[in-house]
Amino acid sequence: MAPSSTTQKVDAFAMMRQAAAGKKPSAAAEASPPKASGSGSSSKAANSGGPAVAPMFKPKGSGLGAGPKHVADVENQPWVEKYRPKNLEEVSAQDHTVQVLKKTLGNSNLPHMLFYGPPGTGKTSTILALCKQLFGPELFRSRVLELNASDERGISVVRDKIKNFAKTTVTTNHDPNYPAPPFKIIILDEADSMTQDAQSALRRIMESHSRITRFCLICNYVTRIIEPITSRCSKFRFKPLDVSSTELRLKEICLKENVDCPDDALRALIKTSDGDLRRAITYLQSASRLHSATTPPTPLTAISVQEIGGVVPDGVMAELAKALGVESGAEDVEMGEPSGRTVGAFETVQRAVEKVVREGYSATQVLTQLHDLLILDPLVSPRAKAKIALTLGETDKCLTDGADEELQLLNACAKIRKAVSEAA
Amino acid sequence: MSLLVDKWRPKTLDELAYHEDLSERLRALAQTDFPHTLFYGPSGAGKKTRIMCTLKELFGPGVDKLRIEQRTFLTPSKRKIEINVVQSNYHIELTPSDAGNWDRSVVQEVLKDIAQTQQVDLNAKKRFKVVIINEADLLSRDAQSALRRTMEKFTANLRVILCANSTSRIIGPIRSRCLLLRVGAPSEAEICKVLAYAAKKERLSLPEHVATLLARISQGNLRRALLSLEALHTQDPTFKTVSASHSLLTGTKQSASDLDSVPRPDWEKYAGRAAEKILGEQTPERLLEVRGMLYELLVHCIPAPLIISTISKRLMDRVDEEIKADVVYWAAFYEHRLRLGSKPIFHLEAFCARIMSVYKQHLLGIGFD
């Protein structure tokens, strides 16, 4: 909402807004005071002038940020927000879901929905884009309620806020450019962190107000949503993004932001982000910040992308693998001879682990990479692999419980070492 | 008179002695738009020092004017909790894990506060304020998920700097919203350099082998190296007790007496003695003795996981190659149990008993399954 003092940014901002709303921005918005978003009145003034930029923020005060809307300056805005899809066409790679939802745009009928899938696959973006297309910027605030885990969401909120919003009748006057079907949408983001009780309290509300209200629940794990809720919703699964669509999207952003991103850096981005587009975009932004901050600006490198992603460099992993008796890629057999546990074998492992821990890499990350390295290694015998997988699983569980990283990692490595040397 | 560690703590990014590339990055970031960041690395690697230097780079000398406040927060269940916060005009620093289960309310409250007030000082270099959250890896999941949307929404007024030992316990959504900055532990040479610098500033003559020894026993923890230097200096101003042929320096098999002669914190020596007792004799009577020592450590507020890892490290230095793996296994096993359980002494004692049994069986030549 706050146009910055630099004028060219304002232009870019206005263009973006134009795209968002499909309307010409009014002059009033451009001339709004340089420091908005601080006081309620000034941001309101800017509001009435131009269409809302980022209507994904909640209509009424909901726990946090009641009152004025807090929207970052466009230059500070995370790219994840900036490049959120504005309409359903822009949603990457979720063809099936998009197809189904597009139909609803035409006949203005919508079921209750449950979106599930791993993080960064576009669940929130899809529903926000759908809402925008359904209601347009004017009605958005009164027709959509978005609640997420940042907001207090116990049973009392379900009983009061959600119920009250669900009860209110919808107004009929609306922008003729949008279908604006006669119902409201309540988006419950991160619904799997809602308590069981709160979820049960939803059940009746969902049914009794279904004439004028639709629910959209978003979660990572569908198993954490209670059965009565899932049976009331039509489910949409969001799958991790494939390489090509991630690449397409990243390239598009690079072009718009003037980021010099060579192919190897792009590949590293896609690999570290693991199908999570949000992560890929955030890493891209962080990396470009680092590289544009130096004088003169340098193109992104795969190494800096990996560092930002917290990935342990291949060299360090190779060293660790060597200490474990697995020479990745090499035709190494002599490490696994009967005298596998020679004197000092344990100490080599201990040293290697100590080194990794001291460098500050996180143990879970090391485990993940060890997993990739060992399980995919054709030279490790299946029996050893089974043992290694077991060890990795156990260690991961212990780490999740909060156990000491160094001890756990050392134990896991000692066991892997044993498994490898025994099997050969 | 302040401690060496605090007295010669670097105040600006230029003074930092190692990780030059990281300092360079931080300087560059401070010039432009500063993102949310997450500093992680082992303790004593200099995370906090780097954060403070970055703040200075961001806001200038104003960040040194600190005030300590006690703030009261009201939990949803109407309970009052008090938390100490350190703040300047530009930043606020808090350790929400102090609040235990209520950390979520604290995080929400503080961030909301900061996010809704703009920087009033017109001379401020940046328009945002910084919230530093210490021990972010001890934040509960609830508190962390409360952070996620807030971090995105309030970027105009607020930057979050998280400080954690490891990213394992930071939930994915937070990690993907932050710029991760790894602060690795300094190498031995780097520690020696810093020790020499501090010694020079204090006008001490520090022999090289003592510096190396201190660096080696500090295990990459610079804070600990500096503290041990100071402790050693008060005990023995001329550093005569440390001989140049110390077994840790020459790399030969370590003897028990040499392990004790190096300057270590008292509790560590005590834990070491407990380990020696375990190896000395494996009987119920000895177990009782060790149990007494464990209690002694616990009542001196040494955290139980630290006791296990210290004892096991000592054991690993001393036992034969064949059972080292077993020692680690049981240490990891009981340390995990310890975190899940509620009474530490059970697990500590079980660990000692288990090690005794393993060791005895090894000595008698009975195969241990």
Here the FRET efficiency for A:Asp401 versus B:Lys240, based on Cβ atoms and R0 = 35 Å and rounded to 0.05, is 0.15
Which FRET efficiency value, to the nearest 0.05, is calculated for A:Arg383 and A:Asp274 with the Förster distance at 35 angstrom and r the Cβ-Cβ distance?
0.75
For the stretch A:343-424, run through the trypsin sites (Lys or Arg not before Pro) and keep only the ones in DSSP coil with at most 11 other Cβ atoms within 10 Å of their Cβ.
none
Which of B:Ala45, B:Ala274, B:Ala211 moves the most in a Gaussian network model of chain B with Cα springs under 10 Å?
B:Ala274
Under the classification rounded if a/c is under 1.5, otherwise prolate if a/b is larger than b/c and oblate if not, where does the stretch A:79-237 fall, given a ≥ b ≥ c as square roots of the Cα gyration tensor eigenvalues?
oblate
Other chains near A:104-112: what is the mean number of their Cβ atoms within 10 Å of each residue's Cβ?
0
Can you list the lysines whose alpha carbon is less than 25 Å from that of A:Lys163, not counting same-chain residues fewer than 8 positions off?
A:Lys58, A:Lys60, A:Lys69, A:Lys123, A:Lys132, A:Lys184, A:Lys235, B:Lys78
Peptide A:347-359, shielding by other chains (average Cβ, 10 Å cutoff):
3
Cα gyration tensor shape of chain B, rounded if a/c is under 1.5, else prolate or oblate by comparing a/b with b/c
oblate
Lys/Arg Cβ at +1, Asp/Glu Cβ at -1, dipole of the stretch B:266-364 taken about the Cα centre: which of B:Gln361, B:Ile345, B:Thr283 is farthest positive-ward?
B:Ile345
How much FRET efficiency would the formula 1/(1 + (r/R0)^6) give for B:Glu321 and B:Ser187, where r is the Cβ-Cβ distance and R0 is 22 Å, rounded to 0.05?
0.25
Aspartates and glutamates whose Cα lies under 17 Å from that of A:Lys167, excluding same-chain neighbours fewer than 8 positions away:
A:Glu146, A:Glu207
Count charges around A:Pro228 for me, please; just the other residues with Cβ under 11 Å from its Cβ, Lys/Arg as +1, Asp/Glu as -1.
+1
Applying the span-like rule to chain B (DSSP H, Cα extent along axis at least 24 Å, Kyte-Doolittle mean at least 1.6) gives none
Excluding same-chain residues fewer than 8 positions from B:Lys65, which lysines have a Cα within less than 20 Å of its Cα?
B:Lys7, B:Lys11, B:Lys48, B:Lys56, B:Lys125, B:Lys126, B:Lys129
Per-residue mean of other chain beta-carbon atoms within 10 angstrom of the beta-carbon, peptide B:322-329?
6
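Read-outs: derived from the displayed coordinates by stated rules, not from any lab. Note that this is a predicted model, so its numbers are computed, not measured. For neighbour counting, all protein chains shown are included, and Cβ atoms are generated from backbone atoms with ideal geometry for every residue, glycine included.
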